[in-house]
Amino acid sequence: MIMDYKDLKNKTVVITGAQRGIGEAIARKFMEQGSSLVLVCRSHTPAIDDILKQASSEQVAVIESDIRDLSTISNWLENFENKGNKVDVFVNNAGVFYTKELIEATDDDWNDVMGTNLKATFFLAQLFARHMKKSGGGNIIQASSFAARIPSAFSGLYAARSEEHTSEL
C-alpha cells in the first residue's frame, strides 16, 4: 500500500547520500509523492540514473559532491534561492562506515568519519535551517544509526559517541 501525501506534491526535497541504500529509498518515496528532488551524492551511480529515468526532467537535480565540501552545497543553495526557489525538506542522510578494529583505525579514518557523520551533518543542517528560517519554514530530517546503542564487532569508529546530556538554556 502506498500512502499518498498530497502536501508533499511539488515540494523541494534535498537528500544527502541518495546514491544507494536508505538515501535511495527515501528519494524514491518522495518522488512517488510528487516532490522535486535534489540528490546530493559523492558519485553518479546506476541508482541515480534509474531515478533520473523515472522522473520528469524538472523533478530531479543531482549535486555530485562530498558533503564535507560545504561550499559546493552552499553555492548551489545560494543560486537556488536567487532564482526565487526554496527547499521545503532537507534529509541529512549521508554517512560513512568503516569495518575495522579500533586498534587499526588511523587518523585519516577518524577524520573521514567525524568530518562526514558529525561535522558536515551539523553544518549542513545549520545551512538549511538558515535558508528555511528566511524562506518561511521547512523540515529537517536527521537520519542516524542505532549502532551507538547496540554494540557490533568492527563498528567502534562509526559508533563513537558521548553520553547523552540534557540541559536547559
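The values are calculated or read from the model by the stated rules, or taken from the named source; none is laboratory data. All of these numbers come straight from a predicted model, not from anything done at the bench. Don't worry about glycine lacking a Cβ; one is built from the backbone with ideal geometry, like all the others, and counts go over all protein chains shown. Accessible surface areas use protein heavy atoms only, side chains included; no ligands, DNA or RNA. Shrake-Rupley method; radii C 1.70, N 1.55, O 1.52, S 1.80 Å.
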So for the stretch 33-75, using the alpha carbon gyration tensor with a ≥ b ≥ c as root eigenvalues (a/c under 1.5 gives rounded; past that, a/b versus b/c decides prolate or oblate), I'd call it oblate
Among 16-25, 95-104, how do they line up by average Cβ neighbours within 10 Å per residue, starting with the highest?
16-25, 95-104
Would you mind getting me the FRET efficiency between ASP108 and ILE22? Use the beta-carbon distance for r and R0 = 30 Å, nearest 0.05.
0.75
LYS134/THR72 FRET efficiency (R0 25 Å; Cβ-Cβ; nearest 0.05)
0.75
When DSSP assigns beta bridges and you keep just the ones with both residues in the stretch 1-146, what percent turn out antiparallel, to the nearest 5?
0
For the stretch 5-152, report the convex hull volume of the alpha-carbon atoms normalised per residue, in Å³, without decimals.
122
Kindly report the accessible area of the stretch 70-113 per residue (heavy atoms of protein chains, probe 1.4 Å, no ligands, DNA or RNA), in Å².
59
Quick one: accessible surface of MET132, probe radius 1.4 Å, all protein chains present, in square angstrom to the nearest 10.
10
If each K or R counts +1 and each D or E counts -1, the residues other than ARG68 whose Cβ falls under 15 Å of its Cβ total -4
Return the Cα extents of the stretch 22-107 along principal axes one, two and three, sorted largest first, each rounded to a whole Å.
49, 28, 20
